Structure formats: structure tokens, C-alpha cells
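To start, the structure under review is shown below, and the notes come after it.
The values are calculated or read from the model by the stated rules, or taken from the named source; none is laboratory data. Small disclaimer: the values here were computed from a predicted structure and weren't measured. Reconstructed Cβ throughout: ideal geometry from the backbone, glycine too, with neighbour counts over all protein chains shown. Heads up: the accessible areas ignore ligands, DNA and RNA and are worked out on the full protein's heavy atoms, side chains in. Shrake-Rupley method; radii C 1.70, N 1.55, O 1.52, S 1.80 Å.
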Amino acid sequence: MSLISWLRWNEAPSRLSTRSPAEMVLETLMMELTGQMREAERQQRERSNAVRKVCTGVDYSWLASTPRPTYDLSPIERLQLEDVCVKIHPSYCGPAILRFRQLLAEQEPEVQEVSQLFRSVLQEVLERMKQEEEAHKLTRQWSLRPRGSLATFKTRARISPFASDIRTISEDVERDTPPPLRSWSMPEFRAPKAD
């Protein structure tokens, strides 16, 4: 027996999936919905068994086999949900699943309500995507907008920190003395004189 078959060095590398990101998002979200519907049905069955056990006082759960799932989505509802799932961007798939699981944990819905909860989560995600796209467009518009130069600001006003419109007691003395030489490293700002 040779070791070459164990090493598999001559095998071609595995190919990446040729499916589009939208198809992968669709499959992931629909699998999540199906799994959560099964879990909700199991929890509903456990609750009804617990109620029955309390009412009758007898536990026959060890005798009963696990029933097959009784609730399934209608084809129209499935197609509608798939249509919405395709619109979800791949980067929002994970947050959508997390939000869906969070709502299921908070509300503990019946099996029939799970698909409506899933639809509401998908609508929230689509709205968030739309809002972020609008914010991105506004940001792009502001970044592409031509900016005014500092030259226009410079012609409108000059900076002079020692000039003041506040009247002082020694105003007449200050008028007669020449302005002191600047020793600080501060810009001068003076308003343009009206002609």
C-alpha cells in the first residue's frame, strides 16, 4: 500500500462556489427561517406536552415518537420571502440573523408567527440599508462639492487682536499714540473700512 493516496498531492484544489452572493444570502436566510420554525414547533410541542402532563398527571412522552413537522410555509409566502431575501446585501445577512434570533428569544412566538417576524426583520434591514445608502450619497456629494478658498475670506476681513470697538477711558490717549510693534505671534484681524 502506498502513501501517495494518503497525501493527495495530485488532487486539484477545491473550487470556490460559483453561486452569486445574493444566492448565498438567500439560502442562508431561508435555512435560518426553516430552522427557527422547526425550533418554534418543538417548543410549542413541549409546552403542550407539559400542559397535558399537568392536567392528566401521567407522562407518556417516552412512548410517543417525534412527530413530523406540521407547519410549512405556503409557496406564495415562501416566494415573497425569497424575493425580499435577495435584496439583502451580504454584509447585512449576519446582523439580520442576529436580530431575528433576538426577537425570537424575546417574544417566543407560535410557529405561524415566525415567518411574519422574519419578514419584519427583513424590512428593518432593508430600511437600514436604504438610510445608509442615502447617507453615503450625501457624504459623496459633500466630498465632491467645490470648496471656497481662503483667499475670499482674506479679502473680507483682517485679523487684529488689539483693535476693539469698546470705548475706554483713555481712548483719546490711545488715538494719539502710534500702534505698538507686534511682538506676539498672533495674526492681525481688521474689518475693512467702509468707503
*About its Cα centre, how strong a charge dipole does segment 21-142 have in debye, to the nearest 20, once Lys and Arg get +1 and Asp and Glu get -1 at the Cβ?*
200 debye
_Just want the answer: with Cβ charges of +1 for Lys and Arg and -1 for Asp and Glu, which residue in Leu26, Gly94, Thr139 is farthest toward the dipole's positive end in segment 21-142?_
Gly94
*Rounded to the nearest 0.05, what FRET efficiency do Arg128 and Cys55 have when you use their Cβ-Cβ distance and R0 = 45 Å?*
0.50
_Fraction of accessible area attributable to carbon and sulfur, segment 21-142 (%, probe 1.4 Å)_ = 56 percent
